[in-house]
Amino acid sequence: MFTNRFALVAMVLWIATVAVFAWFFVRGNTTAGTDGRTAVVLAPAERDLVLGEMRGLLSASQQVVLGIRQGDMKLVAKSARAAGMASAADVNPALMAKLPVAFKSLGMSVHRDMDDLALAAESGKGQADLLGMLSDTMSKCVACHSAWQLQPVQ
Ligand code: HEC
């Protein structure tokens, strides 16, 4: 009887622990934002790193548009690839754990799109197709920006 009860308590504690970890994993380190969006709370250096990556995405997108306009597919491929999966590979695990799952999957899908765009440019896709792909990708930038904010931890 005693061991049964003990096993039950251990089991309940175990489930509670797993549930708490799962909750934090899905939710990340978030709080209510200042303007109706959800804020992801990061250490100042982590926030700087993410914002630096963002500026990289903006400049890659600008270079892709320039490349498409000039018919320079090498420039399109090079710029898109600079914002591809390889650019996200070295993000540290502590920072990754603070980002909500939905945020990470949207971010990763943007990096994957950029790699697809580089391949499309190299495989001779036309300007309209490439612009269409970039436009679809940039709707993900817009979607994420309308949902999330980055706050430095106080
Ligand atoms: C997964 C979410 C997400 C995606 C996808 C995303 N961003 Fe961001 N970005 C953010 C957040 C959050 C901020 C901070 C916004 C705030 O605090 O108001 C930000 C900020 C920025 C900034 C401001 C940088 C600075 O120095 O302040 C730029 C520029 C930017 N993003 C460009 C882009 C571009 C271009 C894309 C798409 C190619 C993109 N982002 C995709 C989440 C995202």
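Since every read-out is calculated from the coordinates, none of them should be taken as a lab result. It should be emphasised that the depicted structure is a prediction, and the values quoted were computed from it without experimental measurement. Positions of Cβ are backbone-derived with ideal geometry, glycine not excepted, and every protein chain shown enters the neighbour counts.
³J(HN,Hα) across region 93-101 via Karplus (A = 6.51, B = -1.76, C = 1.60, θ = phi - 60°), whole Hz, x for Gly/Pro?
x, 5, 5, 4, 5, 7, 8, x, 4
Helix-only mean residue ellipticity at 222 nm, the chain, DSSP H runs n ≥ 4 weighted -39,500 (n - 2.57), per residue, nearest 500. What is it?
So the helix-based figure for the chain works out to -25000 deg cm²/dmol.
Taking amide H atoms as placed 1.01 Å from N in the peptide plane, list the residues 5 or more away in sequence, or in a different chain, whose amide H sits under 5 Å from that of T30.
HN-HN under 5 Å from T30: V41.
Mind sorting E46, E53 by how few other Cβ atoms lie within 10 Å of their own Cβ, fewest first?
E53, E46
Would you pull out the residues with amide H under 5 Å of L150's amide H, same chain only if 5 or more places away, H placed 1.01 Å from N?
Sorted by chain and number, the residues that satisfy this are V40.
What is the extension gain from L51 to V18, computed as 0.36 nm multiplied by their sequence separation minus the C-alpha to C-alpha distance, in nm to one decimal?
Gain on stretching L51 to V18: 8.7 nm.
What percent do you get for the relative contact order of the chain when only Cα pairs under 8 Å and 6+ apart count?
Averaging sequence separation for qualifying contacts and normalising by length gives 33 percent for the chain.
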